[in-house]
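Working notes, beginning with the structure itself.
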Amino acid sequence: MRILTATHFYEAHGGGIERVAGHLNRHLQSLGHDTLWAASDEDSLPELNTAKAVRLKCANPTERLTGLPMPLPYPRSLQALCRAIRMSDAVIIHDALYVTSISAMVAARLSGRPVILIQHIAEIPFASRLMRLAMKMANYVITLPMLRTAHQVIFISGITQSAFSQIKSKRPPVLLFNGVETEIFHPTDSPARSELRQALGLEGKCALFVGRFVEKKGLSIIEALARSRPDISFVLAGRGPIEPEAWQLSNVRVEKYRSGQSLAELYQAADVLVLPSVGEGYPLVIQEAMACGLPVICGADTARADPDASSWLIPVDIDLRDPSGTAMRVSTAIDKLPMADPAMSIYAAETYSWSAMAENVLHCIEALSVTTPQPASADAR
């Protein structure tokens, strides 16, 4: 089966949605399927064992101006996307509210190809009232029709599913959690952790942030927290339009190119993951931290993404309009960190599986009872 995935960027861009798409593509390919990946050509291409790239030349002014990743494909790129979809057996779209996603949906419906829409997020409570209003309108005008149009909707968190529970989709939606590479993300013993901390130059209490350096991830809260707690070292793993180096804080260190094993080392060496983000589904970094046995402080909504895991996550009310007040709440939570519970990493290893997610997505594709024209044969392709 040939399956085309549509996202706004490739994995190298560093966002959670792109990372999920990369993992899912690799596991679909390992199950013997031909995978294509359509996304903006702004970043380096996926690895050979991930998918064949369908590069879409795009303009991307909004991310540079506002931090919102919203690439706008050029007409020739849309033609290439349509051709790739006609040559595919099914289309997987990650999140509705991107021009690349909308274009893939339209092309798939015109070509009669079944569409799986994996919805990661609901609404983002931006600090700006204008941005909140724009998000609400965009969900009403775009996301809701996309959810109704898709042949199968998959939610990756309970809170996202709940936010869209009133939508009448073609089939009952499916809740599937993202996976974790447990061969990489796992706890380490005390001697190994001490060696890691020494190699990384970490002393005293260390708070870790992993994610894109954008407003919705709570970077203003991290800055306020770091200024108020010089006794804590803050390691920020990621990159984006916000530059934490500009804060000129001696207790803030930026790691821009950590992934896989090198990222796992940060989880294993830190004392807590702090993710004061909003408008999330279920951030992959939380699942990775859990698998490594690292305590997690996150938004109260995010902590409910997986009800069975919520007892291990430390919820804090996040308000992007009040960075200082939110930083005080996070600071209090850091001072009251509970003892690490080994059951958390065991739960994560047993529950979050990329292979299981891929198999369930394939089951959804195979179960679609839609009449679609047969794609061109492999020889014709």
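Readers should treat all values here as calculations from the given coordinates under stated rules, not as data from a laboratory. All values reported here derive from a predicted model rather than from experimental measurement. Cβ placement follows ideal geometry from the backbone for every residue including glycine, while neighbour counts extend to all protein chains displayed.
As a calculated quantity, the FRET efficiency between residue 133 and residue 109 at R0 = 30 Å, using C-beta atoms, amounts to about 0.55.
Extending 7 Å from Cα along the Cβ direction at residue 194 and again at residue 57 yields two label points whose distance is 5.9 nm. For region 327-352 and region 234-299, write down the distance between their C-alpha centroids in whole Å. Comparing the Cα centres of region 327-352 and region 234-299, I get a distance of 14 Å. Our summary gives region 190-351 a relative contact order of 22 percent, counting only alpha carbon pairs under 8 angstrom and 6 or more residues apart. For the pair region 124-169 and region 68-88, the centres of their Cα atoms are 22 angstrom apart. Stokes-Einstein D for the chain at 4 °C, 1.567 mPa s, Kirkwood Rh over Cα pairs, in µm²/s? Stokes-Einstein gives a translational diffusion coefficient of 61 µm²/s. Across the cross-link table entries 217/256; 136/336; 136/217, which are compared at the Cα atoms, the separations over 26 Å belong to 136/336.
Report the gain in length on full extension from residue 310 to residue 144: 0.36 nm times residue separation, minus Cα-Cα distance, nm rounded to one decimal.
Between residue 310 and residue 144, full extension yields 57.0 nm more.
A convex hull fitted to the Cα coordinates of region 190-351 yields 108 cubic angstrom per residue. Quick one: in region 150-257, what % of C-alpha pairs are over 21 Å apart? Beyond 21 Å sits 57 percent of the P(r) for region 150-257. Using a cutoff of 8 angstrom between alpha carbon atoms and counting only pairs six or more residues apart, the relative contact order for the chain works out to 16 percent.
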